[in-house]
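Step one of this worksheet: look at the structure below.
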Amino acid sequence: MIEMLVGLNVTNDEDYTNYRKEMTPILNSIGGGFGYDFKIAEVLKTESENKINRVFTIFFPSEEEMNNFFAGKKYIEIKEKYFAHSVAATTIMATYNRG
């Protein structure tokens, strides 16, 4: 299993919520999901110039499944419809094998 720790700068909560609502069934259908999910009020230390106000973990059965998920036509349509208008920045803080 592979997992990523992701930080976002969400600028439109409504569109981001719709993005999550539509993409989560696709993620779940391949055996993936979200582990943790936080809204962040203050960042005390960062290695990125990006603002971060949302932090979560997302996991996939394998790196191949992860790559296929993000390259999938339906996912890309959902991302273009909601994510592009609701997130100003994405920071991948870590990617690791989840034991």
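Matching residues to (1) exposed (fewer than 15 other Cβ atoms within 10 Å of the Cβ); (2) in contact with an Asp or Glu (Cβ under 9 Å, 6 or more places away or on another chain):
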| residue | (1), (2) |
| --- | --- |
| GLY7 | no, no |
| ILE26 | yes, no |
| LYS51 | no, no |
| VAL55 | no, yes |
| ILE58 | no, yes |
| GLU65 | no, no |
| LYS73 | yes, no |
| ILE76 | yes, no |
Subject >> Flag for THR57 being modelled with pLDDT of 95 or more, among the hydroxyl-bearing types (Ser, Thr, Tyr) and either within 17 Å of THR24 (Cα to Cα) or part of a loop (DSSP other than H, G, I, E, B) (or both) >> reply: yes
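Could you check how many residues of region 10-43 are farther than 25 Å from ARG98 by Cβ and either modelled with pLDDT under 95 or not in a loop (DSSP other than H, G, I, E, B) (or both)?
Qualifying residue count for the region: 7.
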Original post:
Is it fair to say ALA71 is more than 12 Å from the chain's Cα centre (by Cα) and either modelled with pLDDT of 95 or more or of a type in the set (Lys, Arg) (or both)?
Top reply: yes
Subject >> Tally, over region 11-33, of residues that are of a type in the set (Val, Ile, Thr) and within 11 Å of the chain's Cα centre (by Cα) >> reply: 1
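The values are calculated or read from the model by the stated rules, or taken from the named source; none is laboratory data. Fair warning: this is a prediction, and the values are worked out from it, not measured in the lab. Cβ: placed from backbone, ideal geometry, glycine included. Neighbour counts: every protein chain shown.
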